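Notes follow once the structure below has been shown.
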Amino acid sequence: MDELLLTFYCANIDATLLVTVLRAATKSPLHLRQEQVFGHDFGDARTAEQVRGCMDRTAISFTATTATLDTLVALVTAARRAMPVRWQAVALLARGRIE
(Lines give C-alpha, C1' and ligand atoms only; values in the text may rest on other atoms or scores of the structure.)
Protein backbone atom coordinates (compact mmCIF):
# COMPACT_ATOMS: atom_id res chain seq x y z
CA MET A 1 0.00 0.00 0.00
CA ASP A 2 1.60 3.28 -1.11
CA GLU A 3 1.58 6.02 1.50
CA LEU A 4 1.29 9.73 0.81
CA LEU A 5 1.61 12.93 2.77
CA LEU A 6 -1.53 14.77 1.67
CA THR A 7 -1.85 18.51 2.32
CA PHE A 8 -4.83 20.75 1.67
CA TYR A 9 -4.22 24.52 1.69
CA CYS A 10 -7.42 26.41 2.51
CA ALA A 11 -8.61 29.82 3.64
CA ASN A 12 -8.63 30.09 7.42
CA ILE A 13 -12.41 30.49 7.36
CA ASP A 14 -12.77 27.01 5.79
CA ALA A 15 -10.36 25.14 8.07
CA THR A 16 -12.86 24.00 10.72
CA LEU A 17 -15.28 22.68 8.10
CA LEU A 18 -12.57 20.78 6.24
CA VAL A 19 -11.16 19.29 9.45
CA THR A 20 -14.64 17.99 10.27
CA VAL A 21 -15.04 16.48 6.79
CA LEU A 22 -11.58 14.89 6.81
CA ARG A 23 -11.82 13.54 10.37
CA ALA A 24 -14.92 11.60 9.35
CA ALA A 25 -13.05 10.10 6.38
CA THR A 26 -9.67 9.16 7.84
CA LYS A 27 -8.21 7.80 11.06
CA SER A 28 -4.90 9.59 10.49
CA PRO A 29 -4.09 12.50 12.79
CA LEU A 30 -4.59 15.86 11.09
CA HIS A 31 -1.85 18.46 11.46
CA LEU A 32 -2.84 22.12 11.03
CA ARG A 33 -0.49 25.02 10.35
CA GLN A 34 -1.35 28.68 9.94
CA GLU A 35 0.58 30.10 7.00
CA GLN A 36 1.08 33.40 5.22
CA VAL A 37 1.52 33.03 1.47
CA PHE A 38 3.36 35.74 -0.44
CA GLY A 39 3.57 35.75 -4.20
CA HIS A 40 1.91 36.74 -7.43
CA ASP A 41 -0.76 34.01 -7.74
CA PHE A 42 -3.73 35.74 -6.15
CA GLY A 43 -6.54 33.89 -7.93
CA ASP A 44 -7.50 32.43 -4.55
CA ALA A 45 -7.23 35.70 -2.62
CA ARG A 46 -9.97 37.83 -1.12
CA THR A 47 -9.91 41.52 -2.00
CA ALA A 48 -8.19 42.48 1.26
CA GLU A 49 -5.52 39.83 0.68
CA GLN A 50 -4.89 41.13 -2.83
CA VAL A 51 -4.39 44.66 -1.49
CA ARG A 52 -2.01 43.39 1.21
CA GLY A 53 -0.18 41.05 -1.17
CA CYS A 54 -0.42 38.22 1.34
CA MET A 55 -2.88 35.35 1.76
CA ASP A 56 -3.65 33.84 5.18
CA ARG A 57 -4.09 30.09 4.81
CA THR A 58 -4.32 26.92 6.87
CA ALA A 59 -2.40 23.82 5.78
CA ILE A 60 -4.04 20.53 6.79
CA SER A 61 -1.58 17.64 6.46
CA PHE A 62 -1.96 13.93 7.14
CA THR A 63 -0.94 10.54 5.79
CA ALA A 64 -3.19 8.74 3.33
CA THR A 65 -2.94 5.92 0.84
CA THR A 66 -2.95 6.26 -2.92
CA ALA A 67 -6.17 4.20 -2.92
CA THR A 68 -7.99 6.85 -0.85
CA LEU A 69 -6.58 9.96 -2.56
CA ASP A 70 -9.38 10.47 -5.08
CA THR A 71 -12.06 9.98 -2.41
CA LEU A 72 -10.46 12.51 -0.04
CA VAL A 73 -10.07 15.11 -2.79
CA ALA A 74 -13.70 14.53 -3.83
CA LEU A 75 -14.88 15.08 -0.23
CA VAL A 76 -13.07 18.42 -0.01
CA THR A 77 -14.38 19.38 -3.45
CA ALA A 78 -17.97 18.66 -2.35
CA ALA A 79 -17.64 20.55 0.96
CA ARG A 80 -19.44 23.90 1.17
CA ARG A 81 -16.34 26.06 1.22
CA ALA A 82 -16.08 29.84 0.99
CA MET A 83 -12.79 29.86 -0.95
CA PRO A 84 -10.78 27.62 -3.31
CA VAL A 85 -8.54 24.89 -1.88
CA ARG A 86 -5.19 23.80 -3.25
CA TRP A 87 -3.75 20.39 -2.49
CA GLN A 88 -0.67 18.27 -3.02
CA ALA A 89 0.26 14.65 -2.37
CA VAL A 90 3.87 13.59 -1.81
CA ALA A 91 4.99 9.96 -1.70
CA LEU A 92 6.38 8.81 1.65
CA LEU A 93 9.50 6.68 1.37
CA ALA A 94 9.74 5.95 5.08
CA ARG A 95 8.34 7.02 8.40
CA GLY A 96 8.48 5.93 11.99
CA ARG A 97 8.31 6.85 15.64
CA ILE A 98 11.28 7.45 17.89
CA GLU A 99 10.84 7.11 21.63
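The values are calculated or read from the model by the stated rules, or taken from the named source; none is laboratory data. What you see is a predicted model, and the numbers here were worked out from it, not measured in a lab. Glycine gets a Cβ as well: all are built from the backbone with ideal geometry, and neighbour counts include every protein chain shown. Areas reflect the complete protein model, heavy atoms only, side chains present, ligands, DNA and RNA absent. Shrake-Rupley method; radii C 1.70, N 1.55, O 1.52, S 1.80 Å.
Across the accessible surface of the chain, with the other protein chains kept in place and a 1.4 Å probe, carbon and sulfur atoms take up 55 percent.
Estimated from the Cβ-Cβ distance and a Förster radius of 35 angstrom, the FRET efficiency linking T16 and R97 is about 0.80. Residues in the chain average 67 Å² of solvent-accessible surface per residue, probe 1.4 Å, ligands and nucleic acids excluded.
Label-to-label distance, E35 versus A89, with points set 7 angstrom from Cα along the beta-carbon direction: 1.8 nm.
Size descriptor for the chain, Kirkwood hydrodynamic radius: 14.4 Å (Cα pairs only, one decimal). In the chain, the calculated helix contribution to ellipticity at 222 nm averages -9000 deg cm²/dmol per residue, counting -39,500 (n - 2.57) for every DSSP H run with n ≥ 4. Once the Cβ-Cβ distance of A82 and V51 is raised to the sixth power relative to R0 = 22 Å, the FRET efficiency obtained is 0.75.
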